[in-house]
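**Student:** Take a look at the following structure, please.
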Ligand code: ARG
């Protein structure tokens, strides 16, 4: 069966440890590691040292006992003991062959190609809080990362069998809406009777106009403040105008989500929790967690101090009685735990909100709302900077709209494709206009997503169109091309990859075959690692290594013959390896939110 090799080894070693040293003996899955240097083998068991400590024995003796006890005959070559007691092992070709041969011929899930992988362990309901722009304005480049990272993490969790709810915690409440409602009433009075007719072509300009009116007219400002009071008081007409505005703003967001192929995001903005705020704070008050300080209701948490070393409060209710951002987030956690039934809450929000989430998480732990098995994680990320390494701004110093950035990337991809035409691999075959258009869309958007996900989360990175559209290096075009190229091998040889006999054994003998097979079998480990620590760049690195292993395998000089391999069984075996590699790349790219294309 195609399964997680590291997990399999973990099971075997756990069994060996317990049968040698007693059922109570400690065991840690982390003792199995891939070897850093293939010279030593593929995996290493490094538990002999910690075991030696707790069992008060020599590491070398432990290693020898385990080497004799562990049953790995169907997995690896005989173990080697290295250094003070590391056990190194090398997968056998037979193991690789069995694993790969067991991969079903076709994808058997409508959305994900799991290559026959089964993920065991408990499945959870996970809430991924992602994207979450402020509806008062247009989505800008600053919203890219949360959207792209959130979607990838959500897909990977779903792939591994978890139930995921993607929540768009949009900013749809607060005083700035008084200003927007008032301006909307002025310029668009028919909105009250016909809210669906509302169309604001440029939300950003609309915001600027409203702000200008607010700053220049006292009469307007008074009406705006009045609108806030009416909104909070639940005045029907005011709510209708507010709702019309928010829906229009959400339409703008969803145009972007559709283009980015983000289809399962649930809009559940801050206003959704309004009714729950008082009860939320009351519950915390009853638990003795809320104190009044300078008229405001605050939660004080250990370890949170301001610059002067004084306790730093988490304010939940301001002195004017209004609940704030923190109160909304507390209510949202309560909802996610109790109504959604989530046991893992992931917040994909930039580093600047680190303190807010650290306090939120500490407050939840203190409240006792979450059992100890519940995880709350702030998946903090760094900024996407402009090409000059400074905050991303337009030439005039304004914010860059996300939709413009995406369009620009697609245009640049189109230009690159037009330039490449002629030197095309498949005999200079000209692409039709509609093909060019869909390829540019896939390449341009794929490039933006891939570039974002291939950086480690917490570092800032520069938006560099040339680099992300390059066919060299760890980029989307490189990966998409690697995929399309494998698919074209089938086309050129006149074979339908998807119709290869699924029971034909995959033979693993040649060095290049071995290396490729080992890379493919690492796929489940990569997924598991990301499920644990939520770093999608582990997947981009993996895919890059996988496609390099494929290039070596397919290389005329260093690799093997494929379409003209003999005998027929070897040819079929290698073609199946091609197909499985292509599927792994496709599946992996899909987990990054990227669609593959059959030809480029
Ligand atoms: N709307 C917020 C902002 O633009 C982000 C919300 C993040 N999610 C949350 N649950 N607080 O900064």
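**Student:** What fraction, in whole percent, of alpha-carbon pairs in the chain exceed 43 Å separation?
**Tutor:** For the chain, the fraction of Cα-Cα distances above 43 Å is 33 percent.
**Student:** Per DSSP H run of n ≥ 4, the term is -39500 (n - 2.57); total these for the chain, divide by its residue number, and report the mean residue ellipticity at 222 nm rounded to 500 deg cm²/dmol.
**Tutor:** -16000 deg cm²/dmol, from helical runs alone.
**Student:** If you line up the long axis of helix 568-591 against the longest principal axis of the chain, both from Cα atoms, how many degrees apart are they, to the nearest 10?
**Tutor:** With rounding to tens, the tilt is 20 degrees.
**Student:** Let me ask you something else. Separation between the residue 218 and residue 60 pseudo-spin-labels, each 7 Å from Cα along Cα→Cβ, expressed in nm?
**Tutor:** My value for the distance between the label points is 9.1 nm.
**Student:** A further question on this structure: Please give the peptides 61-71, 509-519, 257-267, 322-332 ranked by average Cβ packing (other Cβ atoms within 10 Å per residue), highest first, as a rough proxy for protection.
**Tutor:** The packing order, highest mean first, is 322-332, 509-519, 61-71, 257-267.
**Student:** Using the Cα gyration tensor of segment 293-411, with a ≥ b ≥ c the square roots of its eigenvalues, what is the shape: rounded (a/c below 1.5), prolate (a/b larger than b/c) or oblate (neither)?
**Tutor:** Prolate, because a/c is 1.5 or more and a/b exceeds b/c.
**Student:** Next question, about the same structure. Once you keep just the Cα pairs under 8 angstrom separated by 6 or more residues, what percentage relative contact order results for segment 480-586?
**Tutor:** In percent, rounded to a whole number, it is 42.
**Student:** Taking the highest mean first, how do the peptides 302-308, 352-358, 127-133, 222-228 order by number of other beta carbon atoms within 10 angstrom per residue?
**Tutor:** Top of the packing list down: 127-133, 222-228, 352-358, 302-308.
**Student:** If one takes the longest principal axis of the Cα atoms in the chain, at what angle in degrees, from 0 to 90 and to the nearest 10, does the Cα axis of helix 203-216 lie?
**Tutor:** Orientation of helix 203-216: about 30 degrees from the principal axis.
**Student:** Taking all pairs of distinct Cα atoms, average 1/r, flip it, and tell me the Kirkwood hydrodynamic radius of segment 197-341 in Å to one decimal place.
**Tutor:** 18.4
**Student:** Tell me, in nm to one decimal, what length is gained between residue 548 and residue 264 on full extension, where the rule is 0.36 nm per residue of separation less the Cα-Cα distance?
**Tutor:** 98.9 nm is the gain from fully extending residue 548 to residue 264.
**Student:** Above 26 Å lies some portion of the pair distances; for segment 483-600, what is it as a whole percent of all C-alpha pairs?
**Tutor:** Tail of the P(r) past 26 Å holds 19 percent of the pairs.
**Student:** Same structure, new question: Roughly how many Å is it from the Cα centre of segment 106-149 to that of segment 448-522, as a whole number?
**Tutor:** Value for the Cα centre distance between the two parts: 21 Å.
**Student:** Same structure again: Hey, any idea what the orientation-averaged projected area of the convex hull of segment 271-321's Cα atoms comes to, in nm²?
**Tutor:** Answer in nm², one decimal: 4.3.
**Student:** Can I ask one more? With everything on Cα atoms, drop me the angle between helix 176-187 and the longest principal axis of the chain, reported from 0 to 90° to the nearest 10.
**Tutor:** That helix lies at roughly 70 degrees to the long axis.
Values in this text are rule-based calculations from the coordinates and carry no lab data. Remember, it's a predicted structure, so these values are computed and weren't measured experimentally. Virtual Cβ from ideal backbone geometry, glycine too; neighbours counted across all protein chains shown.
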